[in-house]
Amino acid sequence: MSNEKRELLFRLLGDLPDWKDTGAETLRIEEKEGYMIETLLLDINGLEKVPAYFVKPKAAKGRCPVIFFQHSHGGQYDRGKSELLEGADYLKAPSFARELTSLGYAVLAIDHWGFGDRRGKTESEIFKEMLLTGRVMWGMMIYDSIRAIDYVQSRPDIQPDRIGTIGMSMGGLMAWWTAALDERIKACVDLCSQVDHHVLIETQNLDRHGFYYYVPALAKHFSASDIQSLIAPRPHLSLVGIHDRLTPVEGVNKIEIELTALYAEKGASDRYRMVRSASGHFETAMMRHEALRFLKKWL
């Protein structure tokens with residue numbers, strides 16, 4: 001049944017590029033305090049090269065577990081993958097590059113369509129052009145994420161069976177969608193991204209989210225918890241703010257109830273957690289603590 005659900009979900013994501021071998025060009029290697037940064041151009045979709053950062057601990061010996069860091073939106077189209085290195089005003093310090101490499105993880109981040117070094121067309125123009133030509137923007141973003149995992153698994157310095165993902169807001173949505181569609185993700189952490197699209201309709205909150213996230217006919221076939229059920233029984237932590245207007249509480253509660261029951265049914269109750277913070281749409285110190293603790297336990 002899970003494979004059938006994934007196949008349907010992929011079909012809803014529009015016309016995707018052919019699945020060909022990946023390639024990468026290294027543009028620069030820099031040394032920072034405690035970690036190395038590789039600036040890359042990935043050949044993963046056959047349409048345009050995808051800029052990426054790969055960071056790893058300077059003292060790493062042998063293969064590292066790797067975290068796929070998914071950048072947020074925030075209306076900051078110039079940021080993209082640089083959020084990994086520089087953070088954002090709604091993320092805690094230190095940056096995830098410094099934090100995760102200090103724990104022994106390597107980290108990959110890419111620029112998604114319209115962000116960072118891929119900006120030039122507006123989000124709405126990309127969305128409309130793709131819609132006219134049979135593609136779905138969110139589907140193309142998911143495709144790049146899955147193909148980026150293909151790339152990172154080919155590296156000799158990572159442990160291909162120890163891949164996790166983390167992201168905030170749009171990045172959190174990307175994290176749980178990618179984990180749902182790709183079983184190579186062994187642990188998923190999402191921050192401020194538990195959005196139920198049916199509840200958005202009911203509460204008139206659709207305009208709180210950008211064009212990028214809207215998938216034709218998705219609500220006819222899947223709820224948010226239906227999609228996330230494809231992650232079970234793999235470890236999954238969701239961190240939410242109880243005052244976050246982008247994730248209406250009715251949807252958060254619905255998702256938690258349904259996923260808690262599912263993980264219990266699979267005998268994996270300890271692998272799913274929904275942790276609430278008395279906050280809005282930003283990362284708190286408690287969220288960072290819980291995220292790192294979860295990753296250290298399961299990855």
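Close contacts from segment 64-80, counting a first residue that is in contact (Cβ under 8 Å) with a residue 60 or more places away in the chain and polar (S, T, N, Q) and a second that is in a loop (DSSP other than H, G, I, E, B) and crowded, with 24+ Cβ neighbours inside 10 Å, with Cβ to Cβ under 7 Å and a gap of 6+ residues or different chains, come to 72/169. Inspection of segment 218-226 finds a residue satisfying the criterion of being hydrophobic (A, V, I, L, M, F, W, C), under 30 Å from residue 14 (Cβ atoms) and without any contact (Cβ under 8 Å) to a residue 60 or more places away in the chain. Pick out the one residue from 191, 108 that is aliphatic (A, V, I, L, M) and touching a Leu at 6+ places or on another chain (Cβ under 6 Å). So the residue among 191, 108 that is aliphatic (A, V, I, L, M) and touching a Leu at 6+ places or on another chain (Cβ under 6 Å) is 191. What about residue 238, is it of a type in the set (Gly, Ala, Ser) and surrounded by 15 or more Cβ atoms within 10 Å (Cβ to Cβ)? Answer is yes for this residue. Residues in segment 70-109 that are in contact with a Gly (Cβ under 9 Å, 6 or more places away or on another chain), within 20 Å of residue 286 (Cβ to Cβ) and not in a loop (DSSP other than H, G, I, E, B): 96, 98, 102. Screening segment 44-56 for residues that are of a type outside the set (Lys, Arg) and surrounded by 18 or more Cβ atoms within 10 Å (Cβ to Cβ) and picking the one that is farthest from residue 140 (Cα to Cα) gives 55.
Scanning segment 96-130 for residues that are out of contact with any Phe, Trp or Tyr (no Cβ under 6 Å at 6 or more places or on another chain), crowded, with 21+ Cβ neighbours inside 10 Å and over 18 Å from residue 210 (Cα atoms) yields 97, 100, 105, 106, 110. The condition (being outside any loop (DSSP other than H, G, I, E, B) and either farther than 14 Å from residue 143 by Cα or touching a Leu at 6+ places or on another chain (Cβ under 7 Å) (or both)) is satisfied by just one residue among 61, 5: 5. When the test is whether a residue is surrounded by fewer than 21 Cβ atoms within 10 Å (Cβ to Cβ), over 23 Å from residue 4 (Cα atoms) and either basic (Lys, Arg) or over 10 Å from the mean Cα position of the chain (by Cα) (or both), residue 158 does not pass it.
Sort out which residues of segment 8-49 are touching a Gly at 6+ places or on another chain (Cβ under 7 Å) and either at pLDDT below 95 or not in a loop (DSSP other than H, G, I, E, B) (or both), and write them in order of number. Within segment 8-49, 14, 18, 20, 43 qualify.
Looking at segment 24-45 only, could you name the residues that are closer than 14 Å to residue 148 by Cβ and either of a type in the set (A, V, I, L, M, F, W, C) or in contact (Cβ under 8 Å) with a residue 24 or more places away in the chain (or both)? Scanning segment 24-45 gives 24, 40, 41, 42, 44, 45.
The values are calculated or read from the model by the stated rules, or taken from the named source; none is laboratory data. Bear in mind the structure is a predicted one, so any value in this text is a computation, not a measurement. Quick reminder, even Gly has a Cβ in these numbers, built from the backbone with ideal geometry, and neighbours come from all protein chains shown.
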